[in-house]
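The values are calculated or read from the model by the stated rules, or taken from the named source; none is laboratory data. Because the structure is a prediction, the values reported are computed rather than measured. We place every Cβ from the backbone using ideal geometry, glycine too, and count neighbours over all the protein chains shown.
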Amino acid sequence: MNLSSALWADPAFLAYLLAFGLATVACLAGAWQARTLRHTETRAGLQALLLTSGAWALSHVGFLLPAGPLAKNLFYQGGLIVGFATVWAWLWFCSAYTGRSLHQNPAVQKLALSIFGAVVLVKLTNPWHQLYYTIEPAGPAGLFPGQLVVEHHVLYWAAMGLSYALAAAGYLMLLELFVTTDTDTRALSVLAGLTAVPAALDVIGHTQPALLNFTHEPLGVAVFAVGTLQAYRYKFESVRVTSGRSVPAFTLSPAGKILDLNRSARELLEKTRATEETGLSPIGQRLEDLAPDLDVLAQGTEERPTLELQGERRHFVVSETRVGPGRGQGPRILLLKDVTSQKRREEALAEAKAEAERLDRLKSAFLINVSHELRTPLTSMIGYADTIQEEVSATGEPPARELVSSADESSGPDPQEASSREQNRLIGRFASQIEESGTRLMRTVDDLLDLSKLEAGMTETTGGTVDLGAQVRFVTEEFRSTAEAKGVELVADEDGDGPLARANRPGVRAVLRNLVSNAITFTPECGTVIVRARRAQERPALEVEDDGIGMDPARIDDYFQPFEQAEGGNGGESAGLGLALVHRATQEMNGSIDVETQEGEGTLIRVSFPDEERTFS
């Protein structure tokens, strides 16, 4: 029987070949499974660990197969180089997983490449110095025919010590994360124990003929790498997701059992008195059995999740993250954020808003009632004043608004007649002042009443088609006498029908009246007020332009507030409600206001409305 046939018939050879072959397949399959991991850099480190571990195990398969001494030496030497690379893949994984940036630090990368290059150089030059290992035939005492014995020397043990020291640095990164997050470290301990298995096998192989005298690290590293993948999918990933978070975090199995929880979650359980009542560790317990209220919160079955904690009702927002393989099949991580303070602020703001709206309604109702009460006596006063003026005029005396100078009476009428004429003149003048003051006060009361109704939502200002040109003609004629009495020229700049707007006729008329009245009030004698109806910026609009005192552009928003008015106007004729009414009515009709003004140079106010297409019958 030749050597090849003898090898394939030897159980020990087949066992070794099967072991390293399975290690190769398991690592390559794990690298394929790891492609679904979410975190990019962690995934890269874990895939590199699995691929290098598989390549190391594959190199031992090549070393075991029948081949010449040179080929076996190359397989073993290549395996040692790839095996040292597994250490750096492990460190990359640990740094990325724990949220560090060591694997991205250029200085650390240069140091790692220097160390890796130096060790690889020592391994490649081993045929000359043979301080790393030597390979010799085992002879008749070998475990199976054709076996080669690998004798490791001082540099091998130095490199192994360095490898274990570097691997330990990675463990310390993980341990720190697990301890700071109060995470169960049993899975980490099991992984750490797996790294000691190859060393034990090496010692047995070196002292006993029951095992081969060569490095068994590829088997242990392969089991370790695959174990890390499984632990990550079911354990480590949840720690990575919850690490650095101060909110309670629970990792639950599909059956609802607690797989892990952070310190905040433990404190939350203690506040529910669940752990004190059961006396059991929360790990492995069903959340439903351990804390029913907390389970209801986690299931999200309440519209507004709350939890009773030590006699206080707390509000939470629950978010869920799935980990592990597949969608919806692995464990789920529940993050519970306490939003009680925010909820209380929202409730306080809602209460304050409701109270403000209630007070605003009361204010509007009060103003409406007061306005109605004022209108009745004012109407009587204005009527009586007008009657008095008519009676004085009927006596043939001069009109009440004309002041009779003493020079006109130089003809010298008798004293009694002169006294009577003077009394009539005074009566007419006082009646005129009463009428003017009452009319001005009535106008203010009307503005206040209109504004209160708008704020209370008691005025319908939407829906319908309005011809803006017709409204310009109507209002300018209405204010013609007022403008003439002030010495102001009032011009209606429109030709035929104006644009149609989607608005409310009384609302448009109220807007236009207040704009024209305001313009006449703040335009000096011999000034001009122009009223237009046209399309501006593709929308139907009303424009009122004057060459009066103008406004401060920086205070435009202020002027549209109640009781605000420009400096220098005839404040006695305006209470500062006109622009406020314009602003509120325009808002109610879904319109917009543009103002162009400069102090001392006049003002143009443009009110635009929603468009209404003209139709012809």
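Of all residues in segment 98-131 being of a type in the set (Ser, Thr, Tyr) and modelled with pLDDT under 90, which is surrounded by the most Cβ atoms within 10 Å (Cβ to Cβ)? Lay out the reasoning, then the answer.
Here is the first cut: in segment 98-131, the ones of a type in the set (Ser, Thr, Tyr) are 98, 101, 114, 125.
Within this subset, residues satisfying the condition of being modelled with pLDDT under 90 are 98, 101.
Details: 98: 21, 101: 10.
By that ranking, first place goes to 98.
Consider residue 64 carefully, then state whether it is assigned by TED's automatic domain parsing to the domain that holds residue 201, of a type in the set (A, V, I, L, M) and under 15 Å from residue 147 (Cα atoms).
yes
Please state which one of 247, 226, 241 is modelled with pLDDT of 75 or more and in a helix (DSSP H, G or I).
On inspection, the qualifying residue turns out to be 226.
Which numbered condition trips up residue 95, out of (1) in contact with a Leu (Cβ under 9 Å, 6 or more places away or on another chain); (2) surrounded by fewer than 21 Cβ atoms within 10 Å (Cβ to Cβ)?
Going through (1) in contact with a Leu (Cβ under 9 Å, 6 or more places away or on another chain); (2) surrounded by fewer than 21 Cβ atoms within 10 Å (Cβ to Cβ) one by one, residue 95 breaks only (2).
Go through the residues of segment 393-400 one by one and say whether even a single one is surrounded by 12 or more Cβ atoms within 10 Å (Cβ to Cβ), over 30 Å from residue 260 (Cα atoms) and at pLDDT 60 or above.
yes
Mind counting the residues in segment 311-330 that are assigned to a loop (DSSP other than H, G, I, E, B) and either modelled with pLDDT of 75 or more or farther than 21 Å from residue 38 by Cβ (or both)?
Residues that pass the stated criteria total 1.
Suppose we filter segment 39-58 for residues that are surrounded by fewer than 20 Cβ atoms within 10 Å (Cβ to Cβ) and either without any contact (Cβ under 8 Å) to a residue 40 or more places away in the chain or farther than 14 Å from residue 99 by Cβ (or both); how many remain?
Counting residues in segment 39-58 that are surrounded by fewer than 20 Cβ atoms within 10 Å (Cβ to Cβ) and either without any contact (Cβ under 8 Å) to a residue 40 or more places away in the chain or farther than 14 Å from residue 99 by Cβ (or both) gives 3.
Between residues in segment 96-109 that are assigned to a loop (DSSP other than H, G, I, E, B) and residues that are aliphatic (A, V, I, L, M), which pairs lie under 6 Å by C-beta distance while being six or more apart or on different chains?
98/173; 98/177
Residue check: is residue 529 more than 46 Å from the chain's Cα centre (by Cα) and either farther than 17 Å from residue 579 by Cα or crowded, with 20+ Cβ neighbours inside 10 Å (or both)?
So residue 529 passes the test.
List the residue pairs whose Cβ atoms are under 7 Å apart, where the first residue sits in segment 256-276 and is buried (at least 18 other Cβ atoms within 10 Å of the Cβ), the second is at pLDDT 75 or above and polar (S, T, N, Q), and the two are 6 or more positions apart or on different chains.
Matching pairs, first to second residue: 257/285; 258/285; 259/251; 259/253; 260/251; 261/251.
Within segment 479-499, can one find any residue that is touching a strand residue (DSSP E or B) at 6+ places or on another chain (Cβ under 9 Å), modelled with pLDDT of 70 or more, in a helix (DSSP H, G or I) and over 26 Å from residue 390 (Cα atoms)? Step through it out loud before you land on a result.
The first filter runs over segment 479-499 and keeps only residues touching a strand residue (DSSP E or B) at 6+ places or on another chain (Cβ under 9 Å), leaving 479-480, 482-484, 488-494, 497-499.
Those still in the list that are modelled with pLDDT of 70 or more too: 479-480, 482-484, 488-493, 498-499.
Next cut, in a helix (DSSP H, G or I) only: 480, 482-484.
In the following step, the residues that additionally are over 26 Å from residue 390 (Cα atoms) were identified as none.
Checking segment 479-499: not a single residue is touching a strand residue (DSSP E or B) at 6+ places or on another chain (Cβ under 9 Å), modelled with pLDDT of 70 or more, in a helix (DSSP H, G or I) and over 26 Å from residue 390 (Cα atoms).
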